[in-house]
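S.K.: First, the structure itself, so that you have it in front of you.
Nothing in this text is a laboratory measurement; each read-out follows from the coordinates by a stated rule. In this text the structure is predicted, and so the values were computed from the model without any measurement. Here Cβ is always computed from backbone atoms with ideal geometry, including for glycine, and neighbour counts include all displayed protein chains.
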């Protein structure tokens with residue numbers, strides 16, 4: 001926002017100490033040179049004044065509009081994780097956070113030794129001082145050790161495995177009394193009883209909690225009833241109690257390469273709220289009646305009691321379908337047939353099908369990586385996804401209808417996804433053109449159908465993963481909001497998150513709304529007034545969790561390859577800059593860099609327009625998307641960096 005003289009909003013910092021501040025979509029960001037940042041850090045909310053044109057003394061940058069930070073309104077983060085080092089007799093924290101452009105002076109190291117990873121709370125940054133200062137709040141462990149590095153990744157994003165005393169007390173109470181409370185509720189007459197409906201869960205083989213189950217049965221008139229049953233976490237986690245406050249603060253579970261940092265204590269996530277087989281469980285359900293073409297003819301939402309007959313892994317369920325016989329074969333076949341029709345209809349509407357492979361790192365008991373594998377999605381993965389999408393869309397539409405005209409509950413949470421930004425789509429189209437692909441756009445807009453055509457065209461090609469990644473990066477970010485604008489990627493008018501309340505807080509809120517509309521405990525006006533802040537917080541925590549998860553995989557990819565220095569690999573050029581080439585190794589999907597000095601025996605110049613480096617003498621070109629044979633020359637595990645040279 002801006003008044004007559006100042007702008008207010010977040011600043012983005014580079015590692016060299018320059019800041020950038022957005023002043024609107026149609027204007028170039030203001031540049032904030034290091035001497036005018038007023039000790040602002042990346043993400044801080046600042047008040048900034050326009051300061052005319054800035055000329056770079058080195059002459060490397062063209063003149064551009066500049067800004068000067070006049071006030072830091074609020075800090076984006078107050079704690080930093082890093083390694084203790086010594087410089088000039090002072091103990092400093094070398095931060096892991098890549099956007100932190102200065103170290104922190106540590107004035108109370110709590111006997112932590114140099115070379116140890118610690119969590120430091122920033123206390124201040126005096127005028128004229130080169131660095132901010134802080135004190136050690138937690139000693140994590142020796143840098144480089146597996147346990148240390150994993151905990152550091154989580155703590156660096158604000159996630160801790162430890163629960164506060166109030167939550168521990170509530171969890172202990174539930175360990176003692178939870179089963180009796182659950183059993184008493186299973187006979188509550190207001191709950192619809194689905195215990196006689198054939199029901200199963202289908203999850204990854206290493207899943208610790210099961211928060212969604214499907215039931216299916218054919219009705220007397222030949223139509224099919226499908227129940228999407230979601231763990232009733234809100235029965236145990238009441239609004240405003242200690243469990244609720246901590247779950248809201250965490251907002252999400254975090255899935256690192258070797259561990260889960262749960263949103264809820266284990267007694268809930270792995271026991272009372274987990275839809276374990278052969279046990280009665282409480283659920284909030286979306287129940288659909290469908291015809292044989294998977295058209296929904298009726299729907300119902302409310303509280304239920306269920307009994308899962310079978311816990312499948314994706315692989316188990318796929319084996320039953322492939323064999324044409326086995327436990328619940330008829331039910332799985334019926335669900336698969338319906339799911340294919342739901343997906344075809346969704347894609348016909350323009351839903352974008354990225355279908356990207358997940359990188360999975362296999363570790364031994366010490367956390368040492370044994371293998372890096374790519375997990376393909378099976379038909380059973382898609383089956384579950386299709387019914388979860390059906391439920392999420394239906395619940396969002398149901399709540400939207402009820403909240404119209406400022407009814408008794410006039411607020412809801414949506415999962416929104418804006419159409420891609422015009423500039424980003426133009427850049428994507430240019431990039432694809434260089435790689436030999438045509439993306440049809442009109443006025444900076446693209447349809448889901450055109451994106452699907454592109455994704456089909458690259459299937460099975462060496463550059464497939466690169467094109468999918470570049471396309472994903474050109475998309476807007478899906479976020480939570482109280483104002484609905486639809487979901488571009490899924491081609492839904494209304495969408496929300498309903499299906500994972502064990503691991504996402506917004507889903508828990510949606511369950512409360514569904515119950516409130518069905519005559520349960522009402523949501524207060526005060527709670528609804530907090531929905532905007534909750535949407536922002538949940539979106540931010542989701543990004544932080546994704547960053548921690550991605551970094552944990554990246555670290556183990558680098559560690560896995562560290563023992564293979566000197567070996568050759570097939571790769572694809574995934575990025576081109578004046579500094580060199582970014583490459584993606586094909587078997588592990590690990591990213592690395594070929595520095596420009598190592599590209600070859602020539603002077604290579606950066607051709608920005610064509611995304612390539614060209615040798616001045618030889619005219620040899622290295623272009624984005626090209627396959628390339630590379631040799632690994634260095635691996636820095638804690639920095640998560642790999643260096644290669646071309647063969």
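S.K.: On a 0 to 90° scale, report how tilted helix 379-403 is relative to the longest principal axis of the chain, with both axes built from alpha carbons and the result rounded to the nearest 10.
M.R.: Tilt relative to the chain: about 80 degrees.
S.K.: For region 422-475, what is one quarter of the convex hull surface built on the Cα atoms, given in nm²? Don't skip to the end; give the middle numbers.
M.R.: Numbers: hull surface 12.8 nm².
Mean projected area of the Cα convex hull: 3.2 nm².
S.K.: What three numbers, in Å, describe the spread of the alpha carbons of region 460-557 along their principal axes, ordered from the longest?
M.R.: On the principal axes, region 460-557 reaches 55, 31, 21 Å in Cα extent.
S.K.: Any idea what the relative contact order of region 422-475 is, in percent, if you count C-alpha pairs under 8 Å spaced at least 6 apart?
M.R.: 36
S.K.: Could you grab the relative contact order for the chain? Cα pairs under 8 Å, six or more apart, rounded to a whole percent. Please report the intermediate quantities before stating the final value.
M.R.: Details: 1312 pairs, mean separation 63.4, N = 647.
The value is 10 percent.
S.K.: Could you tell me how far the Cα centroid of region 251-299 sits from the Cα centroid of region 10-24, in Å?
M.R.: Using only Cα atoms to place each centre, the spacing works out to 41 Å.
S.K.: Further, regarding this structure: Each label point is 7 Å from the Cα along the Cα-to-Cβ direction; what then is the distance between the points at residue 22 and residue 647, in nm?
M.R.: Inter-label distance under the simple model: 4.3 nm.
S.K.: In addition: Taking R0 as 45 Å, what's the FRET efficiency between residue 39 and residue 347 from their Cβ-Cβ distance, rounded to 0.05?
M.R.: Details: r = 51 Å, r/R0 = 1.12.
For residue 39 and residue 347, the calculated efficiency is 0.35.
S.K.: Taking only the alpha-carbon positions of region 79-143 and ignoring solvent, what does the Debye formula give for the base-10 log of I(q)/I(0) at q = 0.21, 0.24 Å⁻¹?
M.R.: -0.74, -0.98
S.K.: Would you list 471, 499, 218 from fewest to most Cβ contacts within 10 Å?
M.R.: Starting with the residue having the fewest Cβ neighbours, the order is 218, 471, 499.
S.K.: Moving to a separate point now. By how many degrees, 0 to 90 and rounded to 10, does the Cα axis of helix 146-156 deviate from the longest principal axis of the chain?
M.R.: 90
S.K.: Would you mind telling me the antiparallel percentage of the DSSP bridges in region 222-314, rounded to 5?
M.R.: So the antiparallel bridges amount to about 95 percent of the total.
S.K.: Let me ask something else about it. Between residue 58 and residue 362, what is the label-to-label distance in nm when each label sits 7 Å out along the Cα-to-Cβ direction?
M.R.: It is 4.7 nm.
S.K.: Between residue 525 and residue 550, what length in nm is gained on full extension when 0.36 nm per residue of separation is reduced by their alpha carbon distance?
M.R.: Full-extension gain reported as 5.2 nm.
S.K.: Only bridges whose two residues both fall in the chain count here: according to DSSP, what percent of them are antiparallel, nearest 5?
M.R.: The antiparallel fraction comes to roughly 90 percent.
S.K.: For Cα Rg over 2.2 N^0.38 Å, the choices are [x] 1.22; [y] 0.92; [z] 1.04; which was calculated from the structure?
M.R.: Recomputing Cα Rg over 2.2 N^0.38 Å here gives the entry labelled [z].
S.K.: Given the C-alpha centroids of region 135-150 and region 557-610, what is the distance between them in whole angstrom?
M.R.: Spelled out, the Cα-based centre of one part sits 30 Å from the other.
S.K.: Sticking with this structure for a sec: Expected output is a single nm value to one decimal: the length gained when fully extending between residue 472 and residue 76, i.e. 0.36 nm times separation in residues minus the C-alpha distance. What is it? Present the calculation step by step, with values, prior to reporting the outcome.
M.R.: Numbers: separation 396, 0.36 × 396 = 142.56 nm, distance 2.63 nm.
Taking 0.36 nm per residue and subtracting the Cα distance, the gain is 139.9 nm.
S.K.: PRE reach from residue 239 (point 7 Å along Cα→Cβ): which of region 515-541 fall under 14 Å by backbone N?
M.R.: Within reach of a label on residue 239, which here means backbone N under 14 Å from a point 7 Å along Cα→Cβ, region 515-541 contributes 515-532, 534.
S.K.: Would you compute, from DSSP H runs of 4+ residues alone, the mean residue ellipticity of the chain at 222 nm, taking -39500 (n - 2.57) per run and dividing by the full residue count, rounded to the nearest 500?
M.R.: Computed ellipticity for the chain at 222 nm equals -9500 deg cm²/dmol.
S.K.: Something else now. Can you give me the orientation-averaged projected area of the convex hull built on the Cα atoms of region 255-338, in nm²?
M.R.: Across all orientations, region 255-338 yields a mean hull projection of 7.7 nm².
S.K.: Over region 264-419, what is the percentage of antiparallel beta bridges among all DSSP beta bridges, to the nearest 5?
M.R.: 95
S.K.: A further question on this structure: May I ask for the angle, rounded to the nearest 10°, between helix 329-348 and the longest principal axis of the chain, with both axes built from Cα atoms and the value confined to 0 to 90°?
M.R.: For 329-348 against the chain, the angle is about 50 degrees.
S.K.: In whole Å, how far is the Cα centre of region 416-453 from that of region 524-554?
M.R.: Between the Cα centre of region 416-453 and that of region 524-554, the gap is 28 Å.
S.K.: Please list log₁₀ I(q)/I(0) at q = 0.15, 0.26, 0.27, 0.30 Å⁻¹ for region 31-89, using the Debye equation with identical point scatterers on the alpha-carbon positions.
M.R.: One equal scatterer on each Cα of region 31-89 leads to -0.62, -1.01, -1.05, -1.19.
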